[in-house]
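K.L.:
Have a look at this one before I ask anything.
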Amino acid sequence: MDSDATTEARILSAADALFYAHGVQTVGMDRVRDASGVSLKKIYKCFPSKGALVEAYLRRRDRWARNALEERVSRHTDPEERVLAVFDWLYDWVDGPDFHGCAFINAFGELGADSQGVVDAVREHKGAVRGYLRGLAHETGAAEPEWLASQLAVLLDGAMSNASITDSPAPAQHARSAAETLLRMAATPAPTADPAR
């Protein structure tokens, strides 16, 4: 007999695959039941509502995305290469068969106005990724790591959205190129004012 943890994992695995591929609004709980092999009664025992299941799915996606990103970046020691590895990771993910855009942007677009839980999960994920990018920006010695991290976050989100729309990994390459430009700019000290003027 399955333990509660195993049952919950089966439900989440099924929900993750369905929600990510088809969207959270179009997938009913009956489809999660069929895909997981878990009765609706047990599903609702583990997750009292569909909203609770969507939040758990987003938290699971958060762990996966951040672990995968950090693992890829950890292969490098040069600070600038560590930043660029973010976009190499994105390229490989986008170029794979299971890419359907950013789960957080997708869920926010579908439910953000109606679900505070989704809003919270999305904002926490995006904040954590931005914090990670801020740490990478600090490693480069950038004069304004906050500014650099904000720019990198915009590039990352924009590349994910464009890659989803175009069904192409090219936006990840373009974002990497733009990140190289930002790194060069961040490494250049701002000109000092000429006191004689």
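The values are calculated or read from the model by the stated rules, or taken from the named source; none is laboratory data. Everything numeric here is computed off the predicted structure, so don't read it as measured data. Virtual Cβ from ideal backbone geometry, glycine too; neighbours counted across all protein chains shown. Ligands, DNA and RNA are excluded from the accessible area calculation, which covers all protein heavy atoms including side chains. Shrake-Rupley method; radii C 1.70, N 1.55, O 1.52, S 1.80 Å.
K.L.:
Compute the accessible area per residue over region 2-41, keeping the other protein chains in place, probe 1.4 Å, unit Å².
P.N.:
50
K.L.:
Starting from the exponent 0.38 and prefactor 2.2 Å, build the expected Rg for region 61-197 from its residue count and divide its actual Cα Rg by it.
P.N.:
In units of the 2.2 N^0.38 Å rule of thumb, it is 1.15.
K.L.:
Here's another thing I want to ask about it. Using θ = phi - 60° and the Karplus relation 6.51 cos²θ - 1.76 cosθ + 1.60, list the HN-Hα couplings for region 166-174 in order, rounded to whole Hz, with x at every Gly or Pro.
P.N.:
So the J values, rounded to whole Hz, are 8, 6, 8, x, 3, x, 5, 5, 4.
K.L.:
Next question, about the same structure. Please give the direction-averaged projected area of the C-alpha convex hull for region 14-107, in square nanometres with one decimal.
P.N.:
Working: hull surface 26.7 nm².
Averaging across all directions leaves 6.7 nm² for the Cα convex hull.
K.L.:
Would you mind getting the accessible area per residue of region 107-181, heavy atoms of the protein chains only, 1.4 Å probe, in Å²?
P.N.:
Accessible surface, normalised per residue, equals 49 Å².
K.L.:
Could you give each residue of region 5-11 its phi-based ³J(HN,Hα) in whole Hz, using Karplus coefficients 6.51, -1.76, 1.60 with θ = phi - 60°, and x for Gly or Pro?
P.N.:
5, 5, 4, 4, 5, 5, 4
K.L.:
On to the next question. Could you give me the ³J(HN,Hα) list for region 178-185, computed from phi with Karplus coefficients 6.51, -1.76, 1.60 and θ = phi - 60°, whole Hz, x at Gly and Pro?
P.N.:
The phi angles translate into 5, 5, 4, 5, 4, 5, 5, 5 Hz.
K.L.:
Leaving out ligands, DNA and RNA, what percent of the accessible area of region 93-197 is carbon and sulfur, probe 1.4 Å?
P.N.:
54
K.L.:
Multiply the residue separation of D34 and E71 by 0.36 nm, subtract the distance between their alpha-carbon atoms, and state the gained length in nm to one decimal.
P.N.:
Length gained, D34 through E71: 10.0 nm.
K.L.:
Turning to a different aspect of this structure: Under 10 Å, Cα contacts only: if you run a Gaussian network model on the chain, which one of S150, S161, S74 comes out with the highest mean-square fluctuation?
P.N.:
Highest fluctuation of the listed residues: S74.
K.L.:
So what is the 222 nm mean residue ellipticity for the chain from helices alone, if each DSSP H run of at least 4 adds -39500 (n - 2.57) and you divide by all residues, rounding to the nearest 500 deg cm²/dmol? List each step's numbers first, then the result.
P.N.:
Details: 9 runs with 147 residues, N = 197.
For the chain, the value works out to -25000 deg cm²/dmol.
K.L.:
May I pose another question? Mind checking which of V119, G96, F47 is farthest towards the positive end of region 37-144's charge dipole, using Cβ charges of +1 (Lys, Arg) and -1 (Asp, Glu) about the Cα centre?
P.N.:
Final value for the positive-end residue is F47.
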